[in-house]
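Participant: Before I ask anything, let me first share the structure, which is written out below as structure tokens.
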Amino acid sequence: MIKRSAFLAASAVLAAAGEALAQESSHVPGGTHLVERKADFDEAGCAKIVGRDAQIRQLYEAVSFKPSLLNNVKNSFNGLQFGYGYPAGAIAIALAGHGPSASYAYGDYV
């Protein structure tokens, strides 16, 4: 049987650990809110990458985490470059990951 004092002590330890985790999460790029805010989005950086000159633009959108999607992206890039002869710099491919598939864009830091 657990005594009331032991339960309260354990609860205090858990509460302190939770507070420490909340403070640490402020170092997560973009914060920990569920919806990206306008202030978190680098519009100029996105426009520079996505808006560059290209003869062919291709967009992949993914919601579920299926790593085989990356093979599809690679195959389309290789097909356009080596099969149809487009130079690599003339092809712009973007992957928009939502939900679990957003992890495709995570770096080692996260």
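Participant: What nm value, rounded to one decimal, do you get for the distance between Ser5 and Ala44 when each label is placed 7 Å out toward the C-beta?
Facilitator: In this crude spin-label approximation the distance works out to 6.1 nm.
Participant: Let me ask you something else. Order by neighbour count: Asp108, Asp42, fewest other Cβ atoms within 10 Å first, most last. All intermediate terms of the calculation are to be shown ahead of the outcome.
Facilitator: Details: Asp108 4, Asp42 9.
Ordered from fewest to most neighbouring Cβ atoms within 10 Å, Asp108, Asp42 come out as Asp108, Asp42.
Participant: Can you tell me the length gained on complete extension of the stretch Asn72 to Ala88, counting 0.36 nm per residue apart and subtracting the Cα distance? Can you show the working numbers first?
Facilitator: Working: separation 16, 0.36 × 16 = 5.76 nm, distance 1.65 nm.
Roughly 4.1 nm would be gained on extension.
Rule-based calculations on the coordinates, nothing more; no lab input. Treat the numbers as computed from the prediction; the structure is a model and nothing was measured. Positions of Cβ are generated from backbone atoms using ideal geometry, with glycine treated the same way; all protein chains shown enter the neighbour counts.
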